[in-house]
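Visitor: A single structure is presented below for examination.
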Amino acid sequence: MEFQSPLIPKLYLLLCLSFILLLSFFHAHASGYNFRFCAEDANYPVKISRLEITPNPIVRARRAKFKIFAASDHVICGGKWVIKVSYMGLIVHKKMYDLCEAMSCPVDATKFTLSRTQRMPLFAPQGIYTVEISLRNRINEPFTCITFNLKIVSTFLGSSL
């Protein structure tokens, strides 16, 4: 006489659901960070397809990597990369970088990646920050502009990177 516990089908179902949940987590993580364009109706010459930020959430006093995946219809010969960070509606950080220092100019009309690693400040308050990243040409016209929310946690709550 064979004994079959009524728990075996339930355990199998639980295992399958756990696996599906795990796969959905990796898919969500791999698909990038949610962002929106600064002007929804703008027809920017540079189209950003994905934004990756690691770690997520950001840990203060630690390094964070920002990676932008984009494509352009035009050759990019120069310009600047402007990052503006706001906390509770107040601009707390604004920095400009030369685009040609971040990537080799001229950039052909093709797909490209911009990457920047930045150490987060030690005394940044925990919470949600609004970040705006804009790429501008040499005469300050926007190539593109995105905005997104970024969460910063303390070193005690974050990972040990």
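Please treat every number below as a calculation from the coordinates, not as lab data. As the structure is a prediction and not an experimental result, all values here were calculated from the model. Positions of Cβ are generated from backbone atoms using ideal geometry, with glycine treated the same way; all protein chains shown enter the neighbour counts.
Visitor: Using a 7 Å offset from the Cα along the Cα-to-Cβ direction at both K94 and S154, what is the distance between the two label points in nm, to one decimal?
Guide: Result: 3.1 nm between the two label points.
Visitor: Q126 versus E101, label points 7 Å from Cα toward the beta carbon: distance in nm?
Guide: The two pseudo-label positions are separated by 3.4 nm.
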